[in-house]
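In what follows, a structure is listed as structure tokens, so that the remarks can point back to it.
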Amino acid sequence: MRRQMAVALVAILAVVSFTGVAFATHLITGEVVSANPSTKTLVINAQGHEITFSVMESAVHAMADLKPGAKVAVVFSEGDGKLPVCHHVFLWPTGG
């Protein structure tokens, strides 16, 4: 479990450091409600609130294996005022 958590944290740091300075990025974790690669949308439940993301083309491939209920981490920016923009999404390790 510690190894999984360490790998996840390293991945987060790498993603955030490579996302660039042009936009402020945020990280949130939650459970997948729906993941639709064809419409490039991802909905997660984060602490009782459903959040819908517009997914960047570069992150669509990561949605292929996401199922409702899966724990994920999402790196996102605020976008143009409509939907937050998902830059990266990956499974978040759980359990002990």
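Observations on the structure shown:
- For segment 51-79, a residue qualifies if it is outside any loop (DSSP other than H, G, I, E, B) and over 12 Å from PHE90 (Cβ atoms), and the qualifying residues are ILE51, THR52, PHE53, SER54, VAL55, GLU57, SER58, VAL60, PHE76, SER77.
- Search result, residues across segment 57-96 that are under 11 Å from the mean Cα position of the chain (by Cα), of a type outside the set (Val, Ile, Thr) and open to solvent by 30 Å² or more (accessible area, probe 1.4 Å): ALA62, LYS71, HIS88, PHE90, LEU91, TRP92
- PHE90 being assigned to a strand (DSSP E or B), under 16 Å from ALA24 (Cα atoms), touching a residue at least 24 places away in the same chain (Cβ under 8 Å) and not hydroxyl-bearing (Ser, Thr, Tyr): no
- Among the residues of segment 32-50, those that are within 15 Å of HIS88 (Cβ to Cβ) and either open to solvent by less than 50 Å² (accessible area, probe 1.4 Å) or not basic (Lys, Arg) (or both) comprise VAL32, ALA35, PRO37, LEU42, ILE44.
- The C-beta contact set for segment 22-42 (first residue among the polar types (S, T, N, Q), second residue outside any strand (DSSP E or B), distance under 7 angstrom, 6+ apart or interchain) comprises THR25/VAL16; THR25/THR19; THR29/TRP92; SER34/PRO68.
The values are calculated or read from the model by the stated rules, or taken from the named source; none is laboratory data. What you are looking at is a predicted structure, and each value in this text was computed from that prediction instead of being measured. As a convention, Cβ positions derive from the backbone with ideal geometry for all residues, glycine included, and neighbour counts pool all protein chains shown. These area figures cover heavy atoms from the full protein model, side chains too; ligands, DNA and RNA do not enter into them. Shrake-Rupley method; radii C 1.70, N 1.55, O 1.52, S 1.80 Å.
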